[in-house]
Amino acid sequence: MSERVEVREDLEARSGSATAVLRTVVGSTLRPLGGWMSAAGAVELMAALGIPAATARSSLARLCARGVLVREQRDAAAGYALDPAAVPMLERGDARIFGERAAPASWCLVSFSFPEHQRPQRHRLRRTLAALGCGTVADGLWIGPDTLEAELAEVARAFGADLFTGAHLAGSPPTPALPSALARWYDLPAIRALHESFLARFQTAPPPADDRDAFALWIRVLDEWRVIPYRDPGLPAAALPDDWPGAASAALFGRLHAELAGRALAFAAQTARADRAPSAPR
């Protein structure tokens, strides 16, 4: 995996910053709208999220530098188009964010060993595996559910690691040992906190007054949710505590998706092609 691809993928991106929010806007709206938005429209979309024009323009420049957007003029209007190389990344993100969260039938193991002079390579691989949703069995042995097999195969090829598939703990799954094993492999308190934060922030969100408000709420929902399926890549419910909040947060995301995504896209469609000065944030 080249450094250029890692910058574009930005698997460790956190939610909340202006650039992260813009990535979410781009990922959720630009492809349905034909892959292009005017510069003024992009700034207007960010204004709907309370982000000032100067900050929006800086974020647009960052996404150009990272290979997500390219500057492109259409009909004498300055604007931004998706970099074609970014489309597979967005499609993989869609599959993770919106895909069915099936419990794993088995596990994948990634084994690697690097000499000391390749320490940076080893560090990059560990960061990549963590960002994809793998847990740590040992220093050079990482584990992930079988739903990650295609992504892990690509990573293993890129880094020269060994990938083993179809792994099970001793006995027929789910085994009594799996709950304690998950607690060793994954930071379950940190994952729980992500689910609980999402529920606390959006469970009682007031209904949007119009499509502009629906757009703003949906982008905030999506920007916070999009990191969760990477940190919790479908860990088996049977091996988690009875009060695990994952099912509740996934159900809330599904409901908000159904209620807000269409209205948000309608607002984006009206705004993204605009060739006018942005309105002031409300």
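For residue 92, are the conditions met, namely being over 26 Å from residue 43 (Cβ atoms) and either touching a residue at least 40 places away in the same chain (Cβ under 8 Å) or among the aromatic types (Phe, Trp, Tyr) (or both)?
So residue 92 fits the description; yes.
Closer than 21 Å to residue 104 by Cβ, surrounded by fewer than 15 Cβ atoms within 10 Å (Cβ to Cβ) and out of contact with any Cys (no Cβ under 9 Å at 6 or more places or on another chain): is that true of residue 251 in this structure? Full working, then the answer.
Values: closer than 21 Å to residue 104 by Cβ: yes; surrounded by fewer than 15 Cβ atoms within 10 Å (Cβ to Cβ): yes; out of contact with any Cys (no Cβ under 9 Å at 6 or more places or on another chain): yes.
Considered against the rule, which asks whether it is closer than 21 Å to residue 104 by Cβ, surrounded by fewer than 15 Cβ atoms within 10 Å (Cβ to Cβ) and out of contact with any Cys (no Cβ under 9 Å at 6 or more places or on another chain), residue 251 comes out as yes.
Output yes when any residue across segment 116-129 is outside the structural domain of residue 273 (by TED's automatic domain parsing), out of contact with any Phe, Trp or Tyr (no Cβ under 6 Å at 6 or more places or on another chain) and closer than 19 Å to residue 229 by Cβ, and no when none is. Yes, segment 116-129 contains a residue that is outside the structural domain of residue 273 (by TED's automatic domain parsing), out of contact with any Phe, Trp or Tyr (no Cβ under 6 Å at 6 or more places or on another chain) and closer than 19 Å to residue 229 by Cβ. Can you find a residue that is of a type in the set (A, V, I, L, M), at pLDDT below 95, surrounded by fewer than 16 Cβ atoms within 10 Å (Cβ to Cβ) and in a helix (DSSP H, G or I) anywhere in segment 67-81? No: zero hits. Quick one: would you say residue 243 is out of contact with any Lys or Arg (no Cβ under 8 Å at 6 or more places or on another chain) and surrounded by fewer than 20 Cβ atoms within 10 Å (Cβ to Cβ)? So residue 243 passes the test.
Any idea which of 105, 54 is assigned to a helix (DSSP H, G or I) and surrounded by fewer than 19 Cβ atoms within 10 Å (Cβ to Cβ)? Just a single option satisfies the conditions, and that option is 54.
In segment 135-159, how many residues are in a helix (DSSP H, G or I), aliphatic (A, V, I, L, M) and surrounded by 14 or more Cβ atoms within 10 Å (Cβ to Cβ)? Spell out the reasoning first.
Let us first name the residues in segment 135-159 that are in a helix (DSSP H, G or I), namely 146-159.
Then drop every residue that is not aliphatic (A, V, I, L, M), which leaves 148, 150, 152-153, 155-156, 158.
So of that shortlist, the ones also surrounded by 14 or more Cβ atoms within 10 Å (Cβ to Cβ) come out as 148, 152-153, 155-156, 158.
Result for segment 135-159: 6.
At least 1 residues being in contact (Cβ under 8 Å) with a residue 40 or more places away in the chain and over 24 Å from residue 98 (Cα atoms) is the threshold, and among the helices (runs of 4 or more DSSP H) wholly inside segment 162-242 those reaching it are 178-185.
The values are calculated or read from the model by the stated rules, or taken from the named source; none is laboratory data. Bear in mind that the values here come from a model prediction, so they are computed numbers and not experimental data. All Cβ positions, even for glycine, are placed from backbone atoms using ideal geometry, and neighbour counts span all protein chains on display.
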